[in-house]
4 protein chains.
Amino acid sequence: MPNGKRLTRAEQKALRPLQILEAAFEEFVKNGYAASRVEDIAERVGVTKGTVYVYFPTKEQLFEAMIQHISAPLRKVLRTSDTLKGRAAEKLQQFIELLYDHIVDDRKSRELMRFVIAEGARFPDLIDRHHEEFIAPIIGRIQEILDEGVALNEFRRKPAEFADVTMSPMLAMVIVRLIFDDRQDIDRNAFRHEHLQLVLNSLTG
Amino acid sequence: MPNGKRLTRAEQKALRPLQILEAAFEEFVKNGYAASRVEDIAERVGVTKGTVYVYFPTKEQLFEAMIQHISAPLRKVLRTSDTLKGRAAEKLQQFIELLYDHIVDDRKSRELMRFVIAEGARFPDLIDRHHEEFIAPIIGRIQEILDEGVALNEFRRKPAEFADVTMSPMLAMVIVRLIFDDRQDIDRNAFRHEHLQLVLNSLTG
Amino acid sequence: MPNGKRLTRAEQKALRPLQILEAAFEEFVKNGYAASRVEDIAERVGVTKGTVYVYFPTKEQLFEAMIQHISAPLRKVLRTSDTLKGRAAEKLQQFIELLYDHIVDDRKSRELMRFVIAEGARFPDLIDRHHEEFIAPIIGRIQEILDEGVALNEFRRKPAEFADVTMSPMLAMVIVRLIFDDRQDIDRNAFRHEHLQLVLNSLTG
Amino acid sequence: MPNGKRLTRAEQKALRPLQILEAAFEEFVKNGYAASRVEDIAERVGVTKGTVYVYFPTKEQLFEAMIQHISAPLRKVLRTSDTLKGRAAEKLQQFIELLYDHIVDDRKSRELMRFVIAEGARFPDLIDRHHEEFIAPIIGRIQEILDEGVALNEFRRKPAEFADVTMSPMLAMVIVRLIFDDRQDIDRNAFRHEHLQLVLNSLTG
DNA sequence: CATGAATGAGACTTCATTCAT
DNA sequence: CATGAATGAAGTCTCATTCAT
């Protein structure tokens, strides 16, 4: 019997930590780190406080593990950014679309940004790791594409700050969606299109 | 009449709430709302816990009063945005420079943004007021200038989202400075210049 | 000018302590000793906390002074109990009516009983004084009348406890009115009449 | 199976709330509601503050639960009042003796009365429930017996207030014992006897 | 592994009391 | 006298963490 839905006890157990991390994510999003209660996280999973402590020795380490957990998919996305194809402008467009699809549109990525802004002061290596793993690679990749475009005479040369400016509307949209939690309706496609136009226009015009 | 340092009782009293609000700002910035202690705020002023409660009945109301307090200067800035002069492009440039000078470069304004992002969920009218008082007027003013430029054939017509995109680099810079607390060095002038170029180029090119 | 209503400043000042005692009575009745706030007492008088401390050095002494103050009229009542006239039965009736009129029907006397019951444990000499000044004299006076009636063959001899029993309905009515704060309507005259009948019937029947 | 002293975890747990309620009773009796400290209640049980809050969410709810707890035996007493036997006079005598044995002589019942008088204003439904559950049924039962005696020509007809008066000495004795905490020695049996004589004499004489 | 009773440090808040003006 | 700003001890309640079962 191939066992369709039911999980074996072993599978169930292997799942526990992940369930806890997901629950932790929701609670920390809702209340922030300091105001979240381990008990509420446990309750979300349907276990008791003690169980959380079986898997994570402190609230702090649970928070850090949760951050690792939710940023894992993001890391994967960045790795796919090597496969961009075409001319520099096309690569830039593809890359920006990739970021909209997997960062701006992904709730976990957005909330990761909130944690970085809100809890960064109390978790300094959250900042450092976030910069190392996400900000720097993204800016770096954009810079590469820009350099490539310039080398091929496809783009006009731009100063170093241009890479940052290039990313700005995307970051701004993340923030706006964090703040208004989607009560504010922005036409996401129109916004992205305008963003691209602006950048490409400036590079090629 | 000597009056070197000593304040009269009356002066002291008028000062107290302001001192407390300033101290509250620092503590709330450092730890966030939930993790800040009223006692530490008091200590910063050089008084005891009880004194804080003479002026603010709860920690929550102290937080809200502090938000009002630090956003007061900002409100004043926006009111000066009527005096822009020249052609639309010049007005846009002046307005963006105004925003860089008084928002991006002002620590209180930047940290206000952090409070909005970090504590907005627990203080919903913080969000609402912030939108009403700052976001909406700023976007509105930009839109006005754009419309004016279009009407005078100075600018190319752009879709509604363009105003948001226009503001993005500025918002992004606020966020970056919040995250890296000035450890990250961005050439602020170069960045602003690139921002302006990008926007004007797209509008007039 | 004979000065009709307006008080001179001097009179006003002489009044202060009395006003405070009255206000204290109301607050202590409402909340009990522990839960009453000196500030609320002051507010009732229209002065500030500090003023209360000008006249009464501690909350405890204020409470005790208030007890003295409200029991003063009662003391006067007992002194008039010497003027009873007629035969023993008539004296007993007059005395019981006196007690109904000046104790059962007097809010201050009733509330004094509440203080004795509720705060007696924390103010032991409240109990002692109350016994000395009120309970013992009243029981004593009743006993005197009973003895007189027996001596004159007007009453049947009764055991010592009878004096206590004689007073019981009156005390019970005080308690009931304290508990129900006059929401419970007892026909006070009918009750007193039944009380008298019961006692006299037993003594003379 | 040894089981000398040690309680199992389960037994211990079932006991805890009861221990806390008993300790709460003692503290609230000693100090009144407002002046009692949760920590002292805990200490009486031999646990810490936190433990009390495991079982009772607030001091107020602890107080209310304690009231329920100590009045439970009383409720049971009233239910046994149906089994009175004999003629009306005998029933009345038995009922009054029942009340002396289980109310006047029961410390918890007496102190319940103190709570009603002292804290009733802050716990209005304490009053209401007390009236509903105790006062009204007791008065009602007395009235029934009186009516029965009248119907059988055993008693003389008496006005409605007579039931209240009938109960008075008992209530008075509760109050006196509350006030003097047994320092005042009343001959309880003689008092009760006099009470009965008085009432029966009036009904049958 | 999972439980949940128990702990105790620590937070917010209250309020009697003091004292300079 | 009267004020009211300031104090600080103390109380209620919370919650991360532990541990025996």
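The values are calculated or read from the model by the stated rules, or taken from the named source; none is laboratory data. Computed from a predicted structure; not experimentally measured. Heads up, the Cβs are rebuilt from the backbone with ideal geometry, glycines too, and the neighbour counts pull from every protein chain shown. For the accessible areas, the whole protein counts, side chains as well, though only heavy atoms, and no ligand, DNA or RNA atoms are used. Shrake-Rupley method; radii C 1.70, N 1.55, O 1.52, S 1.80 Å.
Within segment C:107-127, track down each residue that is facing another protein chain (nearest Cβ under 7 Å) and not basic (K, R). Hits for segment C:107-127 are C:V116, C:I117, C:A118, C:G120, C:A121, C:I127. The listed residues are B:R141, B:R114, B:R129, and the only one of them that is of a type in the set (K, R) and surrounded by fewer than 20 Cβ atoms within 10 Å (Cβ to Cβ) turns out to be B:R129.
Taking the conditions exactly as written (within 16 Å of DNA strand F (Cβ to nearest atom), part of a loop (DSSP other than H, G, I, E, B) and out of contact with any Ser or Thr (no Cβ under 7 Å at 6 or more places or on another chain)), does C:V47 satisfy them or not?
Details: within 16 Å of DNA strand F (Cβ to nearest atom): yes; part of a loop (DSSP other than H, G, I, E, B): yes; out of contact with any Ser or Thr (no Cβ under 7 Å at 6 or more places or on another chain): yes.
It is true that C:V47 is within 16 Å of DNA strand F (Cβ to nearest atom), part of a loop (DSSP other than H, G, I, E, B) and out of contact with any Ser or Thr (no Cβ under 7 Å at 6 or more places or on another chain).
Does A:A163 fit the bill of being touching a helix residue (DSSP H, G or I) at 6+ places or on another chain (Cβ under 7 Å), assigned by TED's automatic domain parsing to the domain that holds A:H193 and modelled with pLDDT under 95? In short, yes. Does A:K76 meet the test of being modelled with pLDDT under 95, assigned by TED's automatic domain parsing to the domain that holds A:L196 and open to solvent by 70 Å² or more (accessible area, probe 1.4 Å)? Judged against the criteria, A:K76 is a match. Looking only at residues in segment B:7-33 that are among the hydrophobic types (A, V, I, L, M, F, W, C) and surrounded by fewer than 16 Cβ atoms within 10 Å (Cβ to Cβ), the one that is modelled with the highest pLDDT is B:L18.
Quick check, is A:S36 within 22 Å of the chain's Cα centre (by Cα), open to solvent by less than 60 Å² (accessible area, probe 1.4 Å) and near DNA strand F (Cβ under 8 Å from one of its atoms)? Criteria met by A:S36.
Within segment C:151-161, can you find the residues that are surrounded by 13 or more Cβ atoms within 10 Å (Cβ to Cβ) and either among the acidic types (D, E) or without any contact (Cβ under 8 Å) to a residue 40 or more places away in the chain (or both)? Passing the criteria: C:E154, C:P159, C:A160, C:E161.
Reported count of residues in segment D:117-126, each being open to solvent by 50 Å² or more (accessible area, probe 1.4 Å) and touching a residue at least 60 places away in the same chain (Cβ under 8 Å), is 1.
Kindly indicate whether D:F180 is more than 24 Å from D:T83 (Cα to Cα) and under 24 Å from the mean Cα position of the chain (by Cα). Quick ask: steps written out before the conclusion?
Numbers: more than 24 Å from D:T83 (Cα to Cα): yes; under 24 Å from the mean Cα position of the chain (by Cα): yes.
Yes.
Scanning segment C:162-191 for residues that are open to solvent by 50 Å² or more (accessible area, probe 1.4 Å) and either without any contact (Cβ under 8 Å) to a residue 24 or more places away in the chain or more than 7 Å from every other protein chain (Cβ to nearest Cβ) (or both) yields C:R177, C:D181, C:D182, C:R183, C:Q184, C:D185, C:D187, C:N189.
When the residues of segment D:135-149 are filtered to those that are of a type in the set (A, V, I, L, M, F, W, C) and touching a residue at least 12 places away in the same chain (Cβ under 8 Å), which remaining residue is farthest from the other protein chains (Cβ to nearest Cβ)? That would be D:I145.
Within segment C:39-53, if we keep just the residues that are among the small types (G, A, S) and more than 8 Å from DNA strand E (Cβ to nearest atom), the residue that is surrounded by the fewest Cβ atoms within 10 Å (Cβ to Cβ) turns out to be C:G46.
Let's see how each residue does on (1) under 16 Å from D:I138 (Cβ atoms); (2) open to solvent by 20 Å² or more (accessible area, probe 1.4 Å):
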| position | (1), (2) |
| --- | --- |
| D:Y55 | no, yes |
| D:T58 | no, yes |
| D:A65 | no, yes |
| D:K85 | no, yes |
| D:A88 | no, no |
| D:F95 | yes, no |
| D:H102 | yes, yes |
